[in-house]
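Bear in mind these aren't lab numbers, they're just calculated from the coordinates by the rules spelled out. Everything quoted here is computed from the prediction, not taken from an experiment. Here the Cβ positions follow ideal geometry from the backbone for every residue, glycine too, while neighbour counts run over all protein chains shown.
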Amino acid sequence: MRLRVQRRPQNLKGLSAYNAYMMQYLPSYKASHPEMNHSDAFGAVGAQWKGLSDEEKKPYQKIADDANAKAALNSGVDEVETKPRKPRKIAAYNLYIKSTLTVRGMHTRARSQQLNEPSFPL
C-alpha cells in the first residue's frame, strides 16, 4: 500500500524565465494594442521571447530563480506524508468484465486484434 504525498499548492509552482518575461511585457503590449485579443497578444509576446538570445534571457532567469528561492523559503514544507489510502471497493461492472476476460483467457486488445475490430479501452 502506498502512502499519499500531499502536493505543493499551485501558487508555489516554479516560475520560469518565460513567465517572468510575460508578466513584465504582456500588460504593456496589451495596453499599446487595445484592439488585439488576449490570445493574439500572448502569441506576439511569445514570439518576441523566442527571438531573444540566451544572453538577453538571463535577467528573466535571475528573476525567476529569486522568486523560486523566496517561495521555497516561505513554503516551509515540501512534501507531507499522510496516512495510507483505504483500498477502493471494486464496482460490480468491473468484476464482471474482469471475470469475463479471465474466462475467455484473453485481453480485450488481443481479442479485438484477433477479430480485426478496433480496440476500445474499457
What's the extension gain from residue 99 to residue 33 if we count 0.36 nm per residue and subtract their Cα-Cα distance?
17.5 nm
Within 10 Å, count the other beta carbons around each residue, average over each peptide in 53-65, 89-101, and list them highest first.
53-65, 89-101
